[in-house]
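Below is one structure; the comments refer to it alone.
The values are calculated or read from the model by the stated rules, or taken from the named source; none is laboratory data. Keep in mind that this is a model prediction, so the values were computed, not measured. Every residue, glycine as well, gets a Cβ built from its backbone with ideal geometry; the counts of neighbours run over all protein chains shown. The area values use the complete protein model at the heavy-atom level, side chains included, leaving out ligands, DNA and RNA. Shrake-Rupley method; radii C 1.70, N 1.55, O 1.52, S 1.80 Å.
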Amino acid sequence: MNFFKPNFWDKNKVSFFSILLYPISLLIRIIAFTKRFLSTPKKFSIPVICVGNIYIGGTGKTPLSIEIFSILKDLNKNPVFIRKKYPSFEDEVSLQKQVGKVYQNKKRSKAIKEAIKNKGNVAILDDGFQDFSINKDLSIICFNEKQWIGNGLIIPAGPLRESLSSLERAHIVIINGSKSDFIENKVLKQNKNLKVFYCNFVTKNIELFKNKNITAFAGIGNPENFFDLLENDNINVIEKIKFPDHYNYSEKDLKNLINSAQKNKSILLTTEKDYLRINKIYKEKINYLKISIKIKNKNELVNEIKKFI
């Protein structure tokens, strides 16, 4: 998905543009409801853990799926990543391939069948909460505390794939950010049986950029979260440059970024996902921030996962 997220999506109140687009959102809800009503979820011979979201982009699904992969390996399982094949999402695929096998197909069910043939015994479905053709044994939904659900409306009037009531199908909610009684009350109102956990991004190579001028750029769901992460670690960011989510950097883009950093006498720094989309010719002039996810009360989450596998 290659676009700039509209600013009005994350406003606390409904805007003129939201009202204008609301009829299309209603149509999308009707289509989604019909699709769900007509679908028969297929049950597989191995557990399927879905790591999904209802807020479109920027909730930390991919790093969380990698952390869950690590948890499953520690439980002596042979987990695999399952993805629907999208050419523009190869950055996420590359990240996951660094830790385990990834199976992709235009139909996720075919990817799961291939994984089973190759002795995978737990499928981690990165995205797919809205794929009603697959029975999920465990559904984990990600939110970012800063963006939460934006204006609370369905796309294109807002940033949601489906309404908050969809949490009735979920088992676990993981919130990236600080503890929020407000968010917890909202999600538990939809499903009192939900288990709520919190996580944070942890920077792994931040010391390389201390006491240096940084030009930061990102083409992810919420670039502001990347910029905030740097500033929270007291990195001197002198320029912030945003690109659309999953942006495919052209040679002109990269040359402009390098020239801008040279003029500012700064270091170019981006996310690892962005770095994987950059032509190798320019990589030596660009740095990336390594991150991982730290889950609070991780042992409790591990115990919850054990119940479903």
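Here is how the numbers come out for the structure above:
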| item | result |
| --- | --- |
| Cβ-defined net charge surrounding Gly221, 15 Å radius [Lys, Arg +1; Asp, Glu -1] | -4 |
| Neighbourhood charge, 11 Å Cβ-Cβ cut-off, centred on Ser166 and excluding it, Lys, Arg +1 and Asp, Glu -1 | +2 |
| Positive-end residue, the chain charge dipole about Cα centroid, Cβ charges, pick of Val102, Asn236, Ser88 | Val102 |
| Solvent-accessible area of Asp228 with every protein chain in place, 1.4 Å probe, in Å² to the nearest 10 | 50 Å² |
| Electrostatic dipole magnitude of the chain [Cβ: Lys, Arg +1; Asp, Glu -1; Cα centre; debye, to 20] | 920 debye |
| The chain: angle of helix 223-232 to the longest principal axis, Cα-based, in degrees nearest 10 | 60 degrees |
| Tilt relative to the chain, helix 251-264 - C-alpha long axis, 0 to 90 degrees, to 10 | 50 degrees |
| Region 31-82 - percent of accessible surface contributed by carbon and sulfur, probe 1.4 Å | 57 percent |
| Carbon and sulfur %, accessible surface of region 179-269 computed with the full protein complex present, 1.4 Å | 44 percent |
| Whole-number accessible area per residue in Å² for the chain, which is evaluated in the context of all protein chains at 1.4 Å | 51 Å² |
| Helix 16-38 axis, angle to the chain major axis (alpha carbon atoms, nearest 10°) | 40 degrees |
| Fraction of beta bridges assigned by DSSP in the chain that are antiparallel (%, nearest 5) | 15 percent |
| Size of electric dipole in region 114-258: Cβ of Lys, Arg +1 and of Asp, Glu -1, about Cα centre, debye, nearest 20 | 200 debye |
| Part-to-part distance (alpha-carbon centres) for region 135-166 and region 1-61, which is given in Å | 7 Å |
| Count of Lys pairs (Cα-Cα under 30 Å; at least 8 positions apart or interchain) in region 112-210 | 24 |
| Candidates Gly100, Gly221, Gly58: whichever shows maximal mean-square fluctuation once the chain is modelled as a Gaussian network with Cα springs under 10 Å | Gly100 |
| Cβ-based net charge around Asn191, under 9 Å, with every Lys or Arg adding one and every Asp or Glu removing one | +2 |
| Burial ranking of peptide ranges 123-133, 14-24 (average Cβ count within 10 Å, highest at the top) | 123-133, 14-24 |
| Helix-derived mean residue ellipticity, 222 nm - over the chain, DSSP H n ≥ 4, -39500 (n - 2.57), to 500 | -10000 deg cm²/dmol |
